[in-house]
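Undergrad: The following block contains the structure, expressed as structure tokens.
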Protein chains: 4
Amino acid sequence: RLPLALIAGPCAMESRDHALEVATALKEITDRVGIGLVYKSSFDKANRTSGKSSRGIGLKAALPVFAEVKERLGLPVITDIHEIGQCAPVGEVVDILQIPAFLCRQTDLLVAAAETGRVVNVKKGQFLAPWDMANVAAKVREAGNPGVMVTERGVSFGYNTLVSDMRALPIMAETTGAPVIFDATHSVQQPGGKGSSSGGQREFVPVLARAAVAVGVAGVFIETHPDPDKAPSDGPNMVPLKQMEALLTTLVAFDRLAKGLG
Amino acid sequence: RLPLALIAGPCAMESRDHALEVATALKEITDRVGIGLVYKSSFDKANRTSGKSSRGIGLKAALPVFAEVKERLGLPVITDIHEIGQCAPVGEVVDILQIPAFLCRQTDLLVAAAETGRVVNVKKGQFLAPWDMANVAAKVREAGNPGVMVTERGVSFGYNTLVSDMRALPIMAETTGAPVIFDATHSVQQPGGKGSSSGGQREFVPVLARAAVAVGVAGVFIETHPDPDKAPSDGPNMVPLKQMEALLTTLVAFDRLAKGLG
Amino acid sequence: RLPLALIAGPCAMESRDHALEVATALKEITDRVGIGLVYKSSFDKANRTSGKSSRGIGLKAALPVFAEVKERLGLPVITDIHEIGQCAPVGEVVDILQIPAFLCRQTDLLVAAAETGRVVNVKKGQFLAPWDMANVAAKVREAGNPGVMVTERGVSFGYNTLVSDMRALPIMAETTGAPVIFDATHSVQQPGGKGSSSGGQREFVPVLARAAVAVGVAGVFIETHPDPDKAPSDGPNMVPLKQMEALLTTLVAFDRLAKGLG
Amino acid sequence: RLPLALIAGPCAMESRDHALEVATALKEITDRVGIGLVYKSSFDKANRTSGKSSRGIGLKAALPVFAEVKERLGLPVITDIHEIGQCAPVGEVVDILQIPAFLCRQTDLLVAAAETGRVVNVKKGQFLAPWDMANVAAKVREAGNPGVMVTERGVSFGYNTLVSDMRALPIMAETTGAPVIFDATHSVQQPGGKGSSSGGQREFVPVLARAAVAVGVAGVFIETHPDPDKAPSDGPNMVPLKQMEALLTTLVAFDRLAKGLG
């Protein structure tokens, strides 16, 4: 039972300077709190609610920034890919390839991600039962890659709402045999809830994160931003950067208790 | 922020001897663990899945047993009532009257329970949003009784399944202003899931109870039985009595951490 | 396969004159359209969202009005009961006793209704699967009354929303062996959706009613009012009386097609 | 208000001979019934529950078969695409490009499909509200292609279950302004319900199709197969070919009534 890990960063990569600023701040915070950090950002928001929403800086601009974050700060990095052709170039730089929830059953994408040899983190579709992820994890492993992780991010509950079933965490751990991450950011999303963008309930991030850590997870996924209300995506559900240290301190204490880590 | 309280006992009262045996055992356990106990049992299972299921020993036989549990063990007791006429006689003995989830919107029953002057614990209907409980709590208070508690016990999620939305706990606390209890037993019920009776997933009681306590609740509700598989009702989701001490020890530790109680 | 029947009337009985006015108008409409009518109204709204909502004129005032509707207009009447003690007096006058959805598993209420010898119409709880109604219907029959009907009125779907699963209609017909009614009024309710009262989507009543009749049902339940926006309850989902004739004409045509009735 | 159209064919293309056999049979049936036919088959099942399930004959083998169906039988054809690179070659042959439900928010795929100039039929994600499809349709139109259709195929309802909300049909028609298709085959799917494959409830295809046609739709989508239980995918929810004529005859009658088409 390893201590809790953290996947964090701004939802979308905005610029080199912004990425380094947030990564540096997060590294300092997590060093103080004593929790391992994987830096996350997206280079492309490929499935926005509306076609008019901003997309991101793109793969070519983002890869050197990920490389710089790794080299200068010594942090592992994770990003999400959306097409088969992105897997190889992204896999040359980032440590973990993330499969978006909507795409978690696209066999060819899972196989292409697996074939990079990098760890693959698959988000559970909002339309899947937790036990359905066993078949998903198997697609990665059968492609020759044992390095698969699975992430809970809420399940459809009526319209424009998700609910987090805490039973999903042990069920996924048992049925997939993979480390389970709880994504506290997207679990509080209200998909499509603002008409041409998704709403969110930032105030419930700590609530659900505490619950998940108490149940026992390998890691938590929490998007953060220096000024969420100005962020290009997922602003309503990102945690302000200055609140992260207190939140993580609490989560680490719950994790120690949950795992009996003295 | 008061320490976590426990509402516990066998789902249905089976006999005087059985009730005293379980209450005595629970008192010893909770004294060792250091958690306050309210003893719970039902005298009538008024809404069984099937009309052929057993109902319980009835109000007349149960009241003297509740009185004896109170007197001999010094424990407060709670039971659920189903009809207006039961409120007054039950209110003469038990400390907390519980309104079943299906009946949580029956105004006259809420008022009759309120008029006993006893604390009223209303279970949230499986068909209600957490914020809907504000109107329910108001019905009790407007009847002149400020002593209302509310209990989360899962919300309908597809057919024959409930899901526990941990956001409901702070939402109910804020919108009702009442102490919030998490019922870990009925939240893992699979209503009607076994054809002519309800199924259950006992293994998830500790999972959901830990999550709820980490979020922060006034109390947990956990039905227990020396031999759940022989119990007349809710056997599949009751926790074996011999597992209670370990479970409660964990929950008390999580509660102290959640509430910053040293 | 009998032709489609209609259960209709204003949600709450407002006064003798109002009841007779609506019943007379409905009788004229249904005579022209050629559909059998059962007149419905409630004498008490016992489970309002808020305790401050109006309740209705009460059992004593309502029974003579039901008797007058029967005698003067020759219409069978239906009303809902909420307590065991109401069954006998109501059963002396009305032709069909209706069990509200929240109360559909209260064994004693089902038995008391059954023992009147009147037909019992049980609404399916918003928290039940369609196959769960087999046990409910059995409770009525085991009390010695073969005259049981079951009514679909939507199932919980997230918060403050119901969804109508059209598969429920044949499933209930097959598993209960009872006539199946589709309640198009409460299926479009948004429970608690307006804070201290329920919202509704009147515009979907014809949509869901057409769907249900095309699938094949014994009857439809449609609340109507001369001026729904001034009605004391369920205004947002009642159909204006002046729109009923066109709606019923369409439904009768769909019913003939669905049942091959020339 | 145009008469009802039909999209039909076997879920997966199995071989040239099989495709021509089924297309020929369907053409004869639909000619007799008097309903327009678009022939559907998939060349690749790209998101199977399990990675070990069969995938299909592939794009290269399928395109000449689609061309032959068009030429010999004069039928328009539709198939689903999963990657941007498939859009152009598929668009050279087939008349309608279909976007799978899981992929309905992938902006680049929608744009690539739109840019073929072919009609684009987007299935509504199991995780979307009906009004969310307005943004999806806008993505196609903003790419310069006014030819967009939207298809209802059920929404997540608990685990491993979908429910068809008939209100979604008029809501999508109004909010997207596009023709609305009801997919009666996938609406009765039980996703992942058989462990390593999806279950289905073929018996409810006529039930839901009748309901949808009575509400009013531009078309129905019904997968069919000469021997569904031997089909490589979606067998449990495909309608046997020999039952199609009776089903379509009924649906056409309901459509005429629904649209007042004499």
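Undergrad: Across region C:215-224, which residue is surrounded by the most Cβ atoms within 10 Å (Cβ to Cβ) among those that are in contact with a helix residue (DSSP H, G or I) (Cβ under 9 Å, 6 or more places away or on another chain) and not hydrophobic (A, V, I, L, M, F, W, C)? Step through it out loud before you land on a result.
TA: First pass over region C:215-224, keeping only residues in contact with a helix residue (DSSP H, G or I) (Cβ under 9 Å, 6 or more places away or on another chain): C:215-218, C:220-224.
Still in the running and not hydrophobic (A, V, I, L, M, F, W, C): C:216, C:223-224.
Working: C:216: 18, C:223: 28, C:224: 26.
Among those that are in contact with a helix residue (DSSP H, G or I) (Cβ under 9 Å, 6 or more places away or on another chain) and not hydrophobic (A, V, I, L, M, F, W, C), it is C:223.
Undergrad: Tell me, which residue of region A:225-262 that is in contact with a helix residue (DSSP H, G or I) (Cβ under 8 Å, 6 or more places away or on another chain) and hydroxyl-bearing (Ser, Thr, Tyr) is farthest from residue B:256 (Cα to Cα)? Steps first, please.
TA: Filtering region A:225-262 for residues in contact with a helix residue (DSSP H, G or I) (Cβ under 8 Å, 6 or more places away or on another chain) gives A:225-226, A:228-229, A:234-241, A:244-245, A:247-255, A:257-258, A:261-262.
Next cut, hydroxyl-bearing (Ser, Thr, Tyr) only: A:249-250.
On the way: A:249: 15, A:250: 12 Å.
Ranking the candidates gives A:249 first.
Undergrad: For region D:84-112, which positions are in contact with a helix residue (DSSP H, G or I) (Cβ under 7 Å, 6 or more places away or on another chain), part of a loop (DSSP other than H, G, I, E, B) and within 11 Å of another protein chain (Cβ to nearest Cβ)?
TA: D:104, D:105
Undergrad: Also, quick follow-up: Which residue, of D:251, D:241, is within 22 Å of residue D:78 (Cα to Cα), within 12 Å of chain C (Cβ to nearest Cβ), in contact (Cβ under 8 Å) with a residue 12 or more places away in the chain and of a type outside the set (Gly, Ala, Ser)?
TA: None of the other options fit; the residue is D:251.
Undergrad: If you go through region C:82-102 one residue at a time, do you hit one that is touching a Leu at 6+ places or on another chain (Cβ under 9 Å), among the acidic types (Asp, Glu) and within 28 Å of residue B:101 (Cβ to Cβ)?
TA: Looking for residues that are touching a Leu at 6+ places or on another chain (Cβ under 9 Å), among the acidic types (Asp, Glu) and within 28 Å of residue B:101 (Cβ to Cβ), one finds at least one in region C:82-102, hence yes.
Undergrad: Just to verify a result, which residue in region B:215-224, among those that are closer than 23 Å to residue A:259 by Cβ and of a type in the set (Val, Ile, Thr), is farthest from the other protein chains (Cβ to nearest Cβ)? Full working, then the answer.
TA: Within region B:215-224, the first condition is being closer than 23 Å to residue A:259 by Cβ, and the residues that meet it are B:215-217, B:220, B:222.
Now narrow it down to the ones that are of a type in the set (Val, Ile, Thr): B:215, B:217, B:220, B:222.
Working: B:215: 5, B:217: 11, B:220: 13, B:222: 16 Å.
Filtering region B:215-224 for residues that are closer than 23 Å to residue A:259 by Cβ and of a type in the set (Val, Ile, Thr), the one farthest from the other protein chains (Cβ to nearest Cβ) comes out as B:222.
Undergrad: Still on this structure, please answer the following. For region C:215-240, name all the residues that are among the aliphatic types (A, V, I, L, M), more than 23 Å from residue C:149 (Cα to Cα) and under 16 Å from the mean Cα position of the chain (by Cα). Break it down into steps so the answer makes sense when it comes.
TA: Keep residues of region C:215-240 that are among the aliphatic types (A, V, I, L, M), which gives C:215, C:217-218, C:220, C:222, C:231, C:238-239.
Filter again for more than 23 Å from residue C:149 (Cα to Cα), leaving C:231, C:239.
C:239 - this is the single residue of region C:215-240 that is among the aliphatic types (A, V, I, L, M), more than 23 Å from residue C:149 (Cα to Cα) and under 16 Å from the mean Cα position of the chain (by Cα).
Undergrad: Kindly evaluate residue D:156 against the criterion of being out of contact with any Gly (no Cβ under 6 Å at 6 or more places or on another chain), under 23 Å from residue D:42 (Cβ atoms) and without any contact (Cβ under 8 Å) to a residue 40 or more places away in the chain.
TA: Here the answer is yes, as residue D:156 does meet what is asked.
Undergrad: Ok, one more. Any residue that is modelled with pLDDT under 95 and in a strand (DSSP E or B) - is there at least one of those in region A:1-24?
TA: Yes; the residues of region A:1-24 include at least one that is modelled with pLDDT under 95 and in a strand (DSSP E or B).
Undergrad: State whether one or more residues within region A:241-260 are over 15 Å from residue A:40 (Cβ atoms) and at pLDDT below 95.
TA: Checked region A:241-260: at least one residue is over 15 Å from residue A:40 (Cβ atoms) and at pLDDT below 95.
Undergrad: Can I ask one more? Restricting to region D:35-52, give me the number of residues that are buried (at least 20 other Cβ atoms within 10 Å of the Cβ) and not in a loop (DSSP other than H, G, I, E, B).
TA: 5
Undergrad: Among the numbered criteria (1) over 20 Å from residue B:105 (Cβ atoms); (2) without any contact (Cβ under 8 Å) to a residue 12 or more places away in the chain, which single criterion is violated by residue C:106?
TA: For residue C:106, the exception is condition (1).
Undergrad: Select from region B:216-228 the residues that are β-branched (Val, Ile, Thr) and farther than 15 Å from residue B:153 by Cα and list them in ascending order.
TA: Once the filter is applied, which keeps residues that are β-branched (Val, Ile, Thr) and farther than 15 Å from residue B:153 by Cα, region B:216-228 yields only B:224.
Undergrad: Tell me which residues, restricted to region B:53-86, are of a type in the set (Gly, Ala, Ser) and either surrounded by 20 or more Cβ atoms within 10 Å (Cβ to Cβ) or within 30 Å of residue C:142 (Cβ to Cβ) (or both).
TA: Selection gives B:53, B:54, B:56, B:58, B:61, B:62, B:85.
Undergrad: While we're looking at this one, here's another question. Please go through region A:46-81 and give me each residue that is under 30 Å from residue D:130 (Cα atoms) and modelled with pLDDT under 95, ordered by number.
TA: A:46, A:47, A:48, A:49, A:50, A:51, A:52, A:53, A:54, A:55, A:56
Undergrad: Quick one: in region A:53-65, which of the residues that are assigned to a helix (DSSP H, G or I) and aliphatic (A, V, I, L, M) is nearest to the other protein chains (Cβ to nearest Cβ)?
TA: A:59
Undergrad: Restricting to region A:229-262, give me the number of residues that are assigned to a loop (DSSP other than H, G, I, E, B) and out of contact with any Asp or Glu (no Cβ under 9 Å at 6 or more places or on another chain). Break it down stepwise before answering.
TA: Kept after step one, since they are assigned to a loop (DSSP other than H, G, I, E, B), are these residues of region A:229-262: A:231-234, A:238, A:260-262.
After this cut, where a residue has to be out of contact with any Asp or Glu (no Cβ under 9 Å at 6 or more places or on another chain) as well, the list is A:233, A:260, A:262.
Residues flagged as assigned to a loop (DSSP other than H, G, I, E, B) and out of contact with any Asp or Glu (no Cβ under 9 Å at 6 or more places or on another chain) within region A:229-262 amount to 3.
Undergrad: Now for a different question. For region A:101-109, state whether one or more residues are among the aromatic types (Phe, Trp, Tyr), crowded, with 24+ Cβ neighbours inside 10 Å and in contact with a strand residue (DSSP E or B) (Cβ under 9 Å, 6 or more places away or on another chain).
TA: Within region A:101-109, none of the residues are among the aromatic types (Phe, Trp, Tyr), crowded, with 24+ Cβ neighbours inside 10 Å and in contact with a strand residue (DSSP E or B) (Cβ under 9 Å, 6 or more places away or on another chain).
The values are calculated or read from the model by the stated rules, or taken from the named source; none is laboratory data. Source: prediction; values computed, not measured. A quick note on method: Cβ atoms are made from the backbone with ideal geometry, for glycine too, and the neighbour counts reach across all protein chains shown.
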